[in-house]
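Step one of this worksheet: look at the structure below.
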Amino acid sequence: MSSNHANRGVVYTGPGNVEIQNIAYPELAIGNRSCHHGVILKVVTTNICGSDQHMVRGRTTAQPGLVLGHEITGMVVEMGRDVEYLELGDIVSVPFNIACGRCRNCREGNTGVCLNVNPGRAGAAFGYVDMGGWVGGQSEYVMVPYADFNLLKFPDKEQALEKITGLTMLSDIFPTGFHGAVTAGVGPGSTVYVAGAGPVGLAAAASAQLLGAACVIVGDMNPDRLAQARSFGCETIDLRQDATVPDMLEKILGIPEVDAGVDCVGFEAHAHGCSHHKEQPAIVLNTMMEVTRAAGGIGIPGLYVTGDPGAATDAAKTGQLSMNFGLGWAKSHSFVTGQCPVMKYHRQLMQAILWDKIDIAKAVNVQVISLDEAPDGYHAFDQGAAKKFVIDPHGMVN
Ligand code: NAD
Ligand code: ZN
Ligand code: ZN
């Protein structure tokens, strides 16, 4: 039955390029591994992420032919025989991390590093290099394994479709930004420096506000993205300026340090000041150690890799960066890295959206596009558009 369906998706075809191609309709299997615990979703929305851009820019070992997409919201249209607690027609948010629900890490809530879903290393994701070979969901249909465990069902379908531009952020960037703020120790009255005003940085900034931060300062070298951060009450610093980050923070706070730092940039970080066009992969990590108070926390959702073919130095090509770690040690900093374990947060953040405690779609400036417009969305996002692109493959979003 399934094989009669057509399917189309966003395929990485080589550095700088993605195309819409006909792809296989999903089966309840991957390779020779059967997935009776899985469901097939009709994709309602699927977002383009900065993490996709690392692959599309040729900055990972991703191979052409990869079907992209790890930020997925969908409607259940087919269920494996072992799925017990979902129904056909349910609208669900898919955590981007694939997790078995059975291993030691899943049982401890560390679903970003599940031990059973990727033969190569701990942790898996849809449509991502080195993440277990699971087919991505920037497509019309996608298969989600271990569905009872992974999926978050929205309580009311009509309400879900009404608030879909916010709810679609639950698959990744809202929990990811929130995790960055939580692990940096943000709470009522905190002062926070968020590096990066892309969608993850904006989600971290809005999350810090939700957590009660007194002052959230966002830094970037993209003026449109900084304006977007100001639109919901953040302070901003423009890193193209010829001033140091501590000096710029001092102008706002009266002191050159913050309680908590969140790195929402990752390894493609650019230098500060007049050389801001050049990359300097460890600059955000080093800046965070400089400006975060002693005993403070540094949340690091920004992505770092073990292999970067496009790096400027041989060391960086194997993921080795020049970090001023002694400073972090001297200041007793805590660092939290890695994939966000989405499931730790998505239910509560769903409630925050449904009860209008936060307008995450507005904070990240959602623009809904069709599947055919996805390559243009990738291009505009790569050029630094102050937008979060949400693909609507079936025209289900108003
Ligand atoms: P993005 O590329 O849209 O945003 C990154 C921003 O950082 C850009 O606006 C860029 O101008 C800015 N920037 C560059 N150098 C900087 C510097 N030195 N200081 C401050 N800002 C600087 O990406 P995004 O979608 O917002 O994602 C951000 C990062 O988070 C990416 O590395 C992505 O892979 C990662 N990510 C991680 C997780 C996770 O689970 N840990 C999940 C989603 C995304
Ligand atoms: Zn993502
Ligand atoms: Zn597991």
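Points to keep in mind about this one:
Per-residue answers, yes or no, for (1) modelled with pLDDT under 95; (2) away from ligand 2 (no atom under 13 Å from the Cβ):
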{"position": "54", "(1), (2)": "yes, no"}
{"position": "58", "(1), (2)": "yes, yes"}
{"position": "77", "(1), (2)": "no, yes"}
{"position": "88", "(1), (2)": "no, yes"}
{"position": "102", "(1), (2)": "no, yes"}
{"position": "108", "(1), (2)": "no, yes"}
{"position": "117", "(1), (2)": "no, yes"}
{"position": "133", "(1), (2)": "yes, yes"}
{"position": "153", "(1), (2)": "no, yes"}
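- For region 315-369, filtering for residues that are within 27 Å of residue 281 (Cα to Cα) and in a strand (DSSP E or B) leaves 3.
- Applying a threshold of 9 Å to beta carbon distances and a minimum spacing of six or more residues, or different chains, the list of pairs starting in region 373-394 at a residue that is within 22 Å of residue 177 (Cα to Cα) and ending at one that is within 10 Å of ligand 1 (Cβ to nearest atom) and modelled with pLDDT under 95 reads 382/57.
- Meets criteria (within 21 Å of the chain's Cα centre (by Cα) and more than 26 Å from residue 91 (Cβ to Cβ)) for residue 17: yes
- Checked against the criterion of being closer than 22 Å to residue 287 by Cβ and not polar (S, T, N, Q), the candidates 189, 185, 166 yield just one match: 185.
- Qualifying residue in region 303-314 (condition: at positive phi and either aromatic (Phe, Trp, Tyr) or not in a strand (DSSP E or B) (or both)): no
- Condition check for residue 122: closer than 15 Å to residue 344 by Cα and assigned to a loop (DSSP other than H, G, I, E, B): no
- Contact annotation: residue pairs with Cβ atoms under 6 Å, 6 or more positions apart or on different chains, pairing a residue in region 111-134 that is more than 10 Å from ligand 3 (Cβ to nearest atom) with a partner that is part of a helix (DSSP H, G or I), are 129/55.
- Residue match in region 61-80 (condition: among the charged types (D, E, K, R), within 17 Å of residue 36 (Cα to Cα) and exposed (fewer than 15 other Cβ atoms within 10 Å of the Cβ)): no
Rundown of residues vs (1) more than 16 Å from ligand 2 (Cβ to nearest atom); (2) at pLDDT 95 or above, yes/no style:
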| position | (1), (2) |
| --- | --- |
| 12 | no, yes |
| 17 | yes, yes |
| 24 | yes, yes |
| 27 | yes, yes |
| 33 | yes, no |
| 36 | yes, yes |
| 40 | yes, yes |
| 46 | no, yes |
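- Taken as a whole, the condition of being more than 22 Å from residue 226 (Cα to Cα) and within 16 Å of ligand 1 (Cβ to nearest atom) applies to residue 137.
- Within region 104-119, the set of residues being within 14 Å of ligand 1 (Cβ to nearest atom) and assigned to a loop (DSSP other than H, G, I, E, B) comprises 110, 114.
- Of all the residues in region 54-103, those that are in a loop (DSSP other than H, G, I, E, B) and away from ligand 1 (no atom under 16 Å from the Cβ) number 18.
- Any hit, region 79-88, residues being within 16 Å of ligand 3 (Cβ to nearest atom) and among the basic types (Lys, Arg): no
- Some residue of region 340-353 being polar (S, T, N, Q) and surrounded by fewer than 17 Cβ atoms within 10 Å (Cβ to Cβ): yes
The values are calculated or read from the model by the stated rules, or taken from the named source; none is laboratory data. Predicted, not measured: the structure shown is a model, and the values here were computed from it. Neighbour counts run over all protein chains shown; Cβ positions are idealised from the backbone, glycine included.
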